[in-house]
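Okay, so here's the structure we're looking at.
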């Protein structure tokens, strides 16, 4: 017997389009609808407005990132000289 995988939002397609496509769609849609931490205030309220455009509901910052997820910010460390 085949193992059933929870496809969450992909269930609305029924048996159409194939299992792998439904699984990929469900993971992408889950990532896009999730709330991410804001790069400015670090509060987890950034939601997707459009493809690649995100907005923080707390501080109102609009920023660009990846289409379905917020890219992890690059952390630059300041080099200090020990004398």
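Computed values, structure above
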item: Filtered residue count, the stretch 12-34, keeping only those that are within 19 Å of residue 67 (Cα to Cα) and out of contact with any strand residue (DSSP E or B) (no Cβ under 6 Å at 6 or more places or on another chain); result: 13
item: Any pair with Cβ under 9 angstrom, 6 or more apart, that starts in the stretch 15-29 at a residue that is on the phi < 0 side of the Ramachandran plot and in a helix (DSSP H, G or I) and ends at one that is surrounded by 15 or more Cβ atoms within 10 Å (Cβ to Cβ) and at pLDDT 90 or above; result: 28/68; 29/68
item: Those residues of the stretch 31-42 which are modelled with pLDDT of 90 or more and loosely packed, with under 14 Cβ neighbours inside 10 Å, in sequence order; result: 33
item: Filter result (on the phi > 0 side of the Ramachandran plot and at pLDDT 90 or above) within the stretch 4-14; result: 14
item: Selection count, the stretch 45-64, where residues are within 28 Å of residue 11 (Cα to Cα) and either touching a strand residue (DSSP E or B) at 6+ places or on another chain (Cβ under 7 Å) or part of a loop (DSSP other than H, G, I, E, B) (or both); result: 9
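The values are calculated or read from the model by the stated rules, or taken from the named source; none is laboratory data. Remember, predicted model here, so these are calculated numbers, not experimental data. Ideal geometry is used to build each Cβ from the backbone, glycine not excepted, and the neighbour counts take in all protein chains shown.
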